[in-house]
Structures are given as structure tokens and as C-alpha cells.
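In what follows, a single structure is set out as C-alpha cells and then discussed.
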Amino acid sequence: MGYRQDKERGVSVTQPPTGARTAVLLPGTGSDDVFVRSVFDVPLAAVGLKAVLPAPIPGADLVSAHLAALDEAARDEPIIAGGISLGAHLAAEWALRNPDRCAGLLLALPGWHGKPEAAPAAVAARYSAASVRSLGPTAAIAAAVADVPAWLATELTRAWTGYGDALADSLDTAADRLAPTLDELAGLSVPCGVAGCTDDAIHPIEVATAWTRVLPQAVLCTTRLEIIGVDPEALGRATVLAWLKASQG
């Protein structure tokens, strides 16, 4: 792992340990590219990677649009793929289908493996979708943010409002999506940085630990939601640091 001088920033930044120059990061269920940028933009720049952060395409085509964004970014050269929650699932799914186009994975807060079933993140998404259909988006958003920390209320309000009338369909699409199984994850040979939060009941740390255990070249770094609330980049730094460590073998 080498270093180069970034003339614009006036600081030395790490060169990526693989040949990839671009990292494509996908948002989680009901989230958006604004939050992904707040998490990953600076940590990716610090290791010399260009960040591509696709905005969600709300509705039933949400997943296919995310996968298409990865395809488009990898047309000319391999990429680092990744994301948060659902975005991490889709990045791993895409890597399994495109091993020659994926140079590494940045996997933050995976929510389940295999069938979603009773995974907390899937249950929460289904409940939220039902609430949107029953109460309408405005009232459902108000109910969803009533008892959450202020930073999370701000994120949910902005992101969910951006989904418009397709919010419920988007939540259901995400909640029903199969994630790679542990057996499938064991077939991914690229360096994988996995990050989890030790205080996140929706994305249990046990899931991130299970992913890390079966991935052949993976490292897990952890943080806490209470830290992300004041420093979103903490999640990005944990994921990128884990990937750097995995890349070193």
C-alpha cells in the first residue's frame, strides 16, 4: 500500500491496494445517496478512490436499477462495489455474478443472509410499508421518527420524502429481496471490508460477524450508532479500514 500527494488537499492519501480506481456504493432500504455520501465520500477520497453514489430509483425497479448502476460503472474496468444494508447485499450479489469485474467489496451493516424472513431489518421495512399504505406517507413518516434520535429522524424524513408515492413499494421490494447465502458468500475471493454497529438492533452485529467468518478474505471493523449520529464518516472509515486490512492479506 503506497501513498501519493493530493495537490488539491495538500495531504498525503493512501493509494488503493488494488487496480480499481472507482468505488460504487449503494444506499440501504429507504435510504438515499445523500446519506451514503456523508458516510463514504471522505473515507474513499482518503484512499484514492473515486466515489460513485447512485441515487435510488423508487418503486418496484429499485433493485434492478441499483444492479444496473454497478454494471454501468464496471463497463471499462473493475470496480470496488459496496453499500449499506440492502446496498451491501446487492453489492455482494453483483460480485457473485461478476467476479471478473469486482476488485473488492465494502459491506456496511448487512441485515441478513439468504431469505429475509424474520430479520429485524426486513420486518421493520414491511411494517413501515404497511404504515405508509395505511396512514399515507406524511403521517407514516411522522410516526416513524417520533421516537428515534434526532439525527436519524432527519435522515428518515429527507430520504423517505424523496421516495414519494413509491415509498411503500420500495420498502417492500427491499424487504423481500434474498441476500446471498453464507455458502454463496464463501465463494467471493476478493478483499472484503465489513462494518457493523455493536448497538444496532436492526442490523445485528451477529450478521456482520457471520458474513466475515465465511468470506475468504474479509475483516470486520465495528463502530456504534451513537457515534454515527454525530460523525457519519465513522461508518465509512470502519468499512474502508476493514477493506484495507483485508487487502493486505
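Please specify each residue of segment 229-240 satisfying the condition of being without any contact (Cβ under 8 Å) to a residue 60 or more places away in the chain and within 15 Å of the chain's Cα centre (by Cα).
Across segment 229-240, the qualifying residue is only Ala234.
Can you name every residue in segment 182-200 that is open to solvent by 50 Å² or more (accessible area, probe 1.4 Å) and among the β-branched types (Val, Ile, Thr)?
Answer for segment 182-200, where residues must be open to solvent by 50 Å² or more (accessible area, probe 1.4 Å) and among the β-branched types (Val, Ile, Thr): just Thr198.
If we scan segment 223-235, do we find a residue that is in contact with a helix residue (DSSP H, G or I) (Cβ under 6 Å, 6 or more places away or on another chain), buried (at least 19 other Cβ atoms within 10 Å of the Cβ) and within 28 Å of Arg97 (Cα to Cα)?
yes
Return the residues of segment 201-222 that are of a type in the set (A, V, I, L, M) and either in a loop (DSSP other than H, G, I, E, B) or surrounded by 19 or more Cβ atoms within 10 Å (Cβ to Cβ) (or both); say none if nothing qualifies.
Ala201, Ile202, Val207, Ala208, Leu215, Ala218, Val219, Leu220
Test Ala153 against the criterion of being of a type in the set (A, V, I, L, M, F, W, C) and either part of a helix (DSSP H, G or I) or buried (at least 18 other Cβ atoms within 10 Å of the Cβ) (or both), and give yes or no.
Spelling it out, Ala153 is indeed of a type in the set (A, V, I, L, M, F, W, C) and either part of a helix (DSSP H, G or I) or buried (at least 18 other Cβ atoms within 10 Å of the Cβ) (or both).
Here is a list of conditions, (1) over 17 Å from the mean Cα position of the chain (by Cα); (2) touching a residue at least 60 places away in the same chain (Cβ under 8 Å); (3) loosely packed, with under 14 Cβ neighbours inside 10 Å, and Ala166 meets all of them except one; can you say which number that is?
Every condition holds for Ala166 apart from (3).
The values are calculated or read from the model by the stated rules, or taken from the named source; none is laboratory data. This is a predicted model, so every value here is computed, not measured. Please note: Cβ atoms are built from the backbone with ideal geometry, for glycine as well, and neighbour counts cover all protein chains shown. When the accessible area is computed, the model is the full protein with side chains, heavy atoms only, and any ligands, DNA or RNA have been set aside. Shrake-Rupley method; radii C 1.70, N 1.55, O 1.52, S 1.80 Å.
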